[in-house]
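Bear in mind that the values in this text are calculations on the coordinates, not laboratory data. Note that the structure is a prediction, hence the values are computed from the model and not measured. In this analysis, Cβ positions are derived from the backbone assuming ideal geometry, glycine residues included, and neighbour counts consider all displayed protein chains.
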Amino acid sequence: MKRLAFKMKLNPGQKETYIKRHNELWPELKKLLKQAGIRDYSIFFDEETHTLFAYQRLTGDGGSQDLAHQPVVQKWWQHMADIMETNPDNSPVSKPLEEVFFLE
C-alpha cells in the first residue's frame with residue numbers, strides 16, 4: 001500500500017470552521033475518496049504556522065490530489081476557498097512531502 005503526505009495552509013482564525021466543514025463531509029465526496037482507493041486519510045493542524053499536514057494510504061493509483069476533474073471535488077474546493085490558501089481554480093495550494101522514514 002502506497003503512502004502519501006502533503007501540506008496546505010489554513011487562513012488564520014479558520015481552524016474551527018475547517019473542522020466543522022470536515023465533520024460534515026459530504027457523503028458523495030467521502031464515497032468518491034473511498035472508490036479512488038484512499039484510506040486512512042488524516043489531516044493534522046499546526047497552530048503556530050497554520051499548516052495542515054495530510055496523510056493518506058492508497059490502494060489505487062493516486063491520491064485525493066488526482067481527483068481534480070471530479071465535479072464534487074471542484075464544488076468542495078469552492079466551499080473551502082474562503083478559509084484556505086488556494087490556487088486560481090480554488091484548489092488548495094498543496095505541497096507534496098517526501099517520505100524519509102517509515103517504521104512498520
Cα-centred dipole magnitude for the chain, charges only on beta-carbon of K, R (+1) and D, E (-1), debye, nearest 20: 340
Length released on extending from residue 70 to residue 98, taking residue separation times 0.36 nm less the Cα-Cα span: 7.5 nm
Helix-only CD estimate at 222 nm, as mean residue ellipticity for the chain, using -39500 (n - 2.57) per DSSP H run (n ≥ 4): -7500 deg cm²/dmol
Paramagnetic reach from residue 41 in the stretch 78-94 [backbone N under 16 Å; point 7 Å along Cα→Cβ]: 78-81, 91-94
Relative frequency of Cα-Cα separations exceeding 16 Å in the chain, percent: 59
Charge dipole of the chain about the Cα centre (unit charges at C-beta), most positive-ward option of 36, 49, 91: 36
